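Heads up: the structure comes next, in structure tokens.
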Amino acid sequence: MSFPQTLSKRWELEGQLYASIGTLDLLSRTYDRGELDPNIFHKQHKNLLSTIVSIRAALEGYQFDLDEFIRKEELGNKFPYGLRKLRITEGLDENIQDRIDYGQIKKLPSIAAEFVANSIELLDLMRLEAIATVDRILPYLDELISIVTKVSVYGSDHWVTRDIDAWISWMDTQKPGQLLKQDELRKLELQASRWLSDFRRELKNI
């Protein structure tokens, strides 16, 4: 039996999304048990988040219902860690108010996916206070500043660009292995959430 090409493609994308969420769940649980090197975890974590954002953008063209998908596949029971990450990429986390416009992400998939993935990974890293060192945080800030300079609605005078650049300049004066203090982490976490929220809103202008 053959199926319409559009339906087959949707099933393929849904399968990729399911597999990515499951892998993300396994990765998170393995890391929480101390069985995975932090550097390996964060690299794979960011790549998976980027993949999930790209798949979700592709699914926008197939009348995809996220809530129905979660219910049908019982993701809350099977992959609770992975589901939480999916919720964050959707902008449904308690700290991020604006949902992603995936219709816009389809227009610039790699840039948008990378910005979202780097922002979420940065937020997660800062919540793990014991390893939130300057040398681990700085590469994410460098990635974010590199991305916003490629997006037309941002420029050197945009508050997000200036804000990220200021944090980079400050971190460049610190020792690489230095842990950020709790108040510094909370301030940077708040700002990173604001950068991501602003990016979500600016997607409509890209």
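The values are calculated or read from the model by the stated rules, or taken from the named source; none is laboratory data. Quick caveat, the model's predicted, so the values are computed rather than measured. Every residue, glycine as well, gets a Cβ built from its backbone with ideal geometry; the counts of neighbours run over all protein chains shown.
List, please: which pairs have Cβ atoms under 6 Å, are six or more places apart or on different chains, and start with a residue in the stretch 157-176 that is at negative phi and end with one that is not in a helix (DSSP H, G or I)?
Thr161/Tyr154
Sort out which residues of the stretch 113-171 are buried (at least 19 other Cβ atoms within 10 Å of the Cβ) and among the polar types (S, T, N, Q), and write them in order of number.
Selection gives Asn118, Ser119.
Within the stretch 4-16, does at least one residue satisfy the condition of being modelled with pLDDT under 85, over 17 Å from Ser110 (Cα atoms) and not in a helix (DSSP H, G or I)?
Yes, some residue in the stretch 4-16 is modelled with pLDDT under 85, over 17 Å from Ser110 (Cα atoms) and not in a helix (DSSP H, G or I).
Out of curiosity, is Glu60 more than 29 Å from Arg186 (Cβ to Cβ) and at pLDDT 90 or above? Walk me through how you get there before you give the answer.
Working: more than 29 Å from Arg186 (Cβ to Cβ): yes; at pLDDT 90 or above: no.
Here the answer is no, as Glu60 does not meet what is asked.
Name the residues in the stretch 107-155 that are in contact with a Lys or Arg (Cβ under 7 Å, 6 or more places away or on another chain) and either under 22 Å from Ala57 (Cα atoms) or acidic (Asp, Glu) (or both), would you?
Filtering the stretch 107-155 for residues in contact with a Lys or Arg (Cβ under 7 Å, 6 or more places away or on another chain) gives 111, 117-118, 121, 125, 134.
Within the stretch 107-155, Ile111, Ala117, Asn118, Glu121 meet the criteria.
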